[in-house]
1. If you go through segment 129-163, how many residues are more than 19 Å from Cys67 (Cα to Cα) and buried (at least 16 other Cβ atoms within 10 Å of the Cβ)?
2. Just the residues that are of a type outside the set (Lys, Arg), assigned to a loop (DSSP other than H, G, I, E, B) and within 25 Å of Asp56 (Cα to Cα), please, taken from segment 132-166.
3. Among the candidates Ile14, Ile32, which residue alone is out of contact with any helix residue (DSSP H, G or I) (no Cβ under 9 Å at 6 or more places or on another chain) and of a type in the set (A, V, I, L, M, F, W, C)?
4. Do we find a residue being in contact (Cβ under 8 Å) with a residue 40 or more places away in the chain, of a type in the set (Ser, Thr, Tyr) and either in contact with a Lys or Arg (Cβ under 6 Å, 6 or more places away or on another chain) or surrounded by fewer than 20 Cβ atoms within 10 Å (Cβ to Cβ) (or both) anywhere in segment 75-87?
5. Can you say whether Glu33 is at negative phi and either surrounded by fewer than 19 Cβ atoms within 10 Å (Cβ to Cβ) or in contact with a strand residue (DSSP E or B) (Cβ under 9 Å, 6 or more places away or on another chain) (or both), as far as the supplied structure shows?
6. Looking at segment 145-153, can you tell me whether even one residue there is among the hydrophobic types (A, V, I, L, M, F, W, C) and within 24 Å of Glu206 (Cα to Cα)?
7. Can you tell me how many residues within segment 35-87 are among the β-branched types (Val, Ile, Thr) and under 17 Å from the mean Cα position of the chain (by Cα)?
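Throughout, read-outs are computed from the coordinates displayed, never taken from laboratory work. None of these values were measured; they are calculated from a predicted model. For neighbour counting, all protein chains shown are included, and Cβ atoms are generated from backbone atoms with ideal geometry for every residue, glycine included.
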Amino acid sequence: MEAAANVPRVKTQIYLDAWPKDPGELDGAATIELLWEGWGSHLVNRGNAEKVQKPDQLMKRGVGLVCFRAATAAEDNVEEYFLEWLGGDKKIGYSLHPMARNISLTLPSPAHPLCRGVKPMTLPEEEFYCEILFRPGDKRTTPILAAMLPPERPEEQIVGWACERADGGRAFAYTGPHYHASFHNDHFRRLAMNAILWTAKIEVPEGGVQSTVATEDPVR
């Protein structure tokens with residue numbers, strides 16, 4: 001985000017494969033992004049009460065949340081929190097996670113600020129979660145990305161969505177990327193960076209966040 005050409009300077013803090021040693025460091029966050037394993041290995045789980053209580057405290061203050069890939073897959077015993085914070089959950093025994101090649105992603109809500117500068121895209125290979133559990137009639141959620149899944153019996157599935165909570169907090173979830181190469185797609189990378197700004201309540205610029213990648217060769 002610091003290398004983006006058309007956004008205000010923002011401070012970021014990265015925690016690699018770890019919960020902060022001092023959870024108080026999260027208190028000043030405008031938004032939190034999770035890219036983690038799911039279910040029993042999810043960073044937010046009942047095995048440590050603080051890892052549920054601290055995010056809940058922050059969400060109730062209106063802090064944003066961005067979840068990619070398995071961070072959208074919460075265990076049943078914290079599902080109620082994720083349905084409130086994020087609006088959806090990759091539920092055990094309910095959701096699917098097919099691999100797909102040359103999958104096209106459409107934008108069901110192209111006027112949403114998250115979609116500024118973003119066009120429908122095709123990814124060469126991805127693992128998507130679909131049949132996501134949403135609360136029936138939840139008007140807080142807006143579909144952002146959709147795909148025809150699973151490949152063997154395709155129907156339109158929501159694989160990315162936004163959520164605007166009653167506490168004023170915003171969230172964005174995308175059930176990929178399985179491969180880092182997806183970030184080499186300009187439109188996906190722009191959407192991901194737009195999500196950080198939008199959930200932090202920073203205006204997403206017209207045309208979306210402009211950025212480049214360090215190398216021309218995608219990494220799986």
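1. Going residue by residue through segment 129-163, those that are more than 19 Å from Cys67 (Cα to Cα) are 136-137, 139, 148-156.
Then drop every residue that is not buried (at least 16 other Cβ atoms within 10 Å of the Cβ), which leaves 148-150.
Residues that pass the stated criteria total 3.
2. Residues of segment 132-166 that are of a type outside the set (Lys, Arg), as a first pass: 132-134, 136-138, 141-152, 154-164, 166.
With assigned to a loop (DSSP other than H, G, I, E, B) added as a condition, the list becomes 132, 136-138, 150-152, 154, 166.
Correct list: Ile132, Pro136, Gly137, Asp138, Ala166.
3. On the way: Ile32 fails: out of contact with any helix residue (DSSP H, G or I) (no Cβ under 9 Å at 6 or more places or on another chain).
None of the other options fit; the residue is Ile14.
4. Keep residues of segment 75-87 that are in contact (Cβ under 8 Å) with a residue 40 or more places away in the chain, which gives 79, 83-87.
If we keep only those that are of a type in the set (Ser, Thr, Tyr) as well, we get none.
The answer is no, given that none of the residues of segment 75-87 is in contact (Cβ under 8 Å) with a residue 40 or more places away in the chain, of a type in the set (Ser, Thr, Tyr) and either in contact with a Lys or Arg (Cβ under 6 Å, 6 or more places away or on another chain) or surrounded by fewer than 20 Cβ atoms within 10 Å (Cβ to Cβ) (or both).
5. On the way: at negative phi: yes; either surrounded by fewer than 19 Cβ atoms within 10 Å (Cβ to Cβ) or in contact with a strand residue (DSSP E or B) (Cβ under 9 Å, 6 or more places away or on another chain) (or both): yes.
When the stated conditions are applied, Glu33 passes them.
6. Yes, that holds for at least one residue.
7. Filtering segment 35-87 down to residues among the β-branched types (Val, Ile, Thr) leaves 44, 52, 63, 66, 72, 78.
With the extra rule that they be under 17 Å from the mean Cα position of the chain (by Cα), the set shrinks to 44, 63, 66, 72.
Here the count works out to 4.
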